1. In what order do D79, D39, D56, D90 fall by count of nearby beta-carbon atoms within 10 Å, going from fewest to most?
2. Once the Cβ-Cβ distance between V5 and E51 is put in as r, and R0 is 41 Å, what FRET efficiency do you end up with, to the nearest 0.05?
3. Pulled fully out, how much extra length does the chain show between T36 and M62, if you take 0.36 nm times their separation in residues and subtract their Cα-Cα distance?
4. With the Cα gyration tensor of the stretch 30-99 giving a ≥ b ≥ c as the square roots of its eigenvalues, does the rule (a/c under 1.5 for rounded; else a/b larger than b/c for prolate; else oblate) give rounded, prolate or oblate?
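Please treat every number below as a calculation from the coordinates, not as lab data. Source: prediction; values computed, not measured. In this analysis, Cβ positions are derived from the backbone assuming ideal geometry, glycine residues included, and neighbour counts consider all displayed protein chains.
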Amino acid sequence: MQNSVIKRVLGSLIICVSAFSVSSFAQTGMAQGQITRIDTSAGKVTIRHGEIKSIDMPPMTMVFTAKPKSTLDGLKVGDKIDFVAMQENDALFVTKVVKKSP
Ligand SMILES: [Cu+2]
């Protein structure tokens, strides 16, 4: 009985901690852009993006691979987004996307 209460409290603590770490990461690695093409089954998205300081990239339009694919859930062409880009062995991934409210 008491055990389940403790588990629930611990569970919500863990959610709080992970939400905090995501937002602190977002401040450094976040870029802005707009989706110009999206292929959810291939996990590819084309983003017209602004400068991405974290990976030293000027503004351009380019294809990113979503990691994981579910990163693209609920997104469509024309959406304005904040996103986190990550470079790994010459490939570029988008690991987090936050749709901007219109
Ligand atoms: Cu680029």
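1. Numbers: D79 18, D39 13, D56 8, D90 5.
Listing D79, D39, D56, D90 from fewest to most nearby Cβ atoms yields D90, D56, D39, D79.
2. Efficiency for this residue pair is about 0.30.
3. Values: separation 26, 0.36 × 26 = 9.36 nm, distance 0.92 nm.
Result: 8.4 nm gained on full extension.
4. Numbers: a/c = 1.64, a/b = 1.22, b/c = 1.34.
Oblate is the answer for the stretch 30-99, as a/c is 1.5 or above yet b/c matches or exceeds a/b.
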